[in-house]
Amino acid sequence: MRLDLDNLPSDVDLLHRLVREMAADMQTRDGEIERLQLIIKKLQRMQFGQRAERLDPDQLALALEDLDSDIGRLREKQPVPGPASARPSRREKFPDHLPREDIRHDADSTVCPCCGGALHAIGESVSEMLDWVPAQFRVIRITRPKYACRCCESVVQQPAPERPIAGGMATTALLAHILISKYCDHLPLYRQSQIFARYGVDLARSTLADWVGGACWWLEALYDRISRNLLASHYLFADDTSVPVLDPGRGRTKTGRLWVYVRDQRPWDGPDPPIAIYIFAPDRKAERPKEHLATFTGVIHVDGYAGFEQVAARDGVTLATCWAHTRRKFYDVEKATGSPIAAEALRRIRALYAIEAEVRGQPPAHRLAHRRSFSVSIVQGLRTWLERQFDAIPASSTLADAIRYALTRWKALSRFLHDGRIDMDTNPVERAIRPITLGRKNHLFAGSDGGAQRWAIVRSLVETARLNDVEPYAWLRDVLQRMVDGHPVNRLDELMPWAWKDENSVKS
């Protein structure tokens, strides 16, 4: 709300009262905004506090959203003198690929209201607002005329086009929307069914489930091809996370696992595009990664899970471990006990990360030379210091556990000092696991082992598209349509997100 400076009242007493009311309102508003901002800062501090005091990240996000909305309401409620365009805008320019609709507000007359002379254009003011066009259903009518021969009575008609779901009524665009809503935006099928009903289209959850299964059948070949591409690499990040799966025989859920493998060469300017692959397994046995990586040779970067050691026991496979997990052990001890030894360990690890920040995105040779100049002495000094501290503290203490965790993995922790491609931590695969965590909260569980495998397939495609800066809906819709139209299996490489991106201008 703003005051119209061109139509202020002329009564002096009224103006004085108006100014006093504005001053009082602004003082109240500023005090309320300050109070809300202090609450926001407190919530943000709680995010990084001790584990017992932390809020769930999603609960924190909801709280911050509501507080920011309260501040926005207060700012809009208070009238501010001056035109709306007087405030400087710090907003970034809207993306160029968005369509524009021009609306022109021209002068009422080309005659000057003061002297009656002719007005001539001297420029224009242009501003932009972001609009939303709601989604809508439409019906695609397919007409196939029939032609008959009067002589031989034969009938000619084009064959019916292939459908993505045999006998189904969903186009590839609708299938892609359902997949993205479920596996990217974490919207369960029953909620999608309710949303579609609001648009006047009754689609049962069971119907949507059938379509998801059919669409995933088309995508399995692409998933397999991306998986083979990933396993042909020589440096991977690996981890796993739990996924609840319904177990009808026992009337409850069982705990399955999604094993996640990521290739991300961007930190060392590598030539291969990033990929993330999820593989469902019913348990966390060490045989699972051993089976998944049976043909892999190179470096596997993992957390502290001992199951990967069986993979590393094979010739041609090297294990690197994660400094972030090591740091977390000392962080927990320092926050819980205030240990100066843990604080010193954190300081030394922080120095290593500062050196890494200087070479991020540089070629492997440059990274390796920089590490040998600056990081080697810190790592060697840290090990000697930890060994000395370990001998002076109780063996059963949490600090001893943290030191023991680091020292037993020291060889694998030091891999980054001998290979410029290797990072210090497994953050790329940790980031790939986060969407699964959110999916667990919304879906609660997978309905079957097959459902968990479909989760793995579509999530692999969506995450790989995201890593390559490709909008997943546009890509999946086009890929499904090309497959339905008969795209050759031996040309699947043309459908990879990075190849598709080179031919299309849609960016995320």
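List of remarks:
- Residues of the stretch 243-265 classified as open to solvent by 40 Å² or more (accessible area, probe 1.4 Å), on the phi < 0 side of the Ramachandran plot and either at pLDDT 95 or above or out of contact with any Phe, Trp or Tyr (no Cβ under 8 Å at 6 or more places or on another chain) (or both), total: 6
- Pairs where the first residue, in the stretch 468-480, is closer than 16 Å to Tyr223 by Cβ and open to solvent by 10 Å² or more (accessible area, probe 1.4 Å) and the second is of a type in the set (Gly, Ala, Ser) and not in a loop (DSSP other than H, G, I, E, B), C-beta under 9 Å, 6+ apart: Pro472/Ala176; Pro472/Ala465
- Leading residue by the ranking (farthest from Lys93 (Cα to Cα)) among those in the stretch 118-133 that are exposed (fewer than 10 other Cβ atoms within 10 Å of the Cβ) and more than 35 Å from the chain's Cα centre (by Cα): Ala118
- Unique match (being open to solvent by 20 Å² or more (accessible area, probe 1.4 Å) and of a type outside the set (Phe, Trp, Tyr)) among Pro282, Pro289, Pro274: Pro282
- Tallying residues that are part of a helix (DSSP H, G or I) and open to solvent by 50 Å² or more (accessible area, probe 1.4 Å) within the stretch 481-501 yields 9.
- Note on the stretch 189-242: among residues that are within 16 Å of Gly450 (Cβ to Cβ) and among the hydroxyl-bearing types (Ser, Thr, Tyr), the one that is modelled with the lowest pLDDT is Ser206.
- Note on the stretch 360-396: residues that are outside any helix (DSSP H, G or I), in contact with a Lys or Arg (Cβ under 9 Å, 6 or more places away or on another chain) and open to solvent by less than 40 Å² (accessible area, probe 1.4 Å) amount to 1.
- Which numbered condition Ile422 misses (of (1) assigned to a loop (DSSP other than H, G, I, E, B); (2) open to solvent by less than 10 Å² (accessible area, probe 1.4 Å); (3) modelled with pLDDT under 95): (3)
- Candidate set from the stretch 314-359 (those that are of a type outside the set (S, T, N, Q) and part of a loop (DSSP other than H, G, I, E, B)); member that is nearest to Thr398 (Cα to Cα): Gly338
- There is no residue in the stretch 408-416 that is open to solvent by 40 Å² or more (accessible area, probe 1.4 Å), farther than 16 Å from Ala320 by Cα and either out of contact with any helix residue (DSSP H, G or I) (no Cβ under 8 Å at 6 or more places or on another chain) or not polar (S, T, N, Q) (or both).
Rundown of residues vs (1) modelled with pLDDT under 95; (2) of a type in the set (Lys, Arg); (3) under 18 Å from the mean Cα position of the chain (by Cα), yes/no style:
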{"position": "Ser448", "(1), (2), (3)": "yes, no, no"}
{"position": "Ala452", "(1), (2), (3)": "yes, no, no"}
{"position": "Trp455", "(1), (2), (3)": "yes, no, yes"}
{"position": "Met483", "(1), (2), (3)": "yes, no, no"}
{"position": "His487", "(1), (2), (3)": "yes, no, no"}
{"position": "Arg491", "(1), (2), (3)": "yes, yes, no"}
{"position": "Ser505", "(1), (2), (3)": "yes, no, no"}
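- Residue that is most open to solvent (accessible area, probe 1.4 Å) [pool: residues in the stretch 152-205 that are within 28 Å of Asp485 (Cβ to Cβ) and among the basic types (Lys, Arg)]: Arg163
- Only helices (runs of 4 or more DSSP H) whose full extent lies in the stretch 161-256 are considered here, and the ones with at least 2 residues that are touching a residue at least 24 places away in the same chain (Cβ under 8 Å) and within 23 Å of the chain's Cα centre (by Cα) are 172-183, 205-231.
The values are calculated or read from the model by the stated rules, or taken from the named source; none is laboratory data. Only a predicted model underlies this, so the values are computations on that prediction, with no experimental measurement involved. Backbone-built Cβ (ideal geometry, glycine too); neighbour counts: all protein chains shown. Accessible surface is based on the protein model in full, side chains and every heavy atom, while ligands, DNA and RNA are left aside. Shrake-Rupley method; radii C 1.70, N 1.55, O 1.52, S 1.80 Å.
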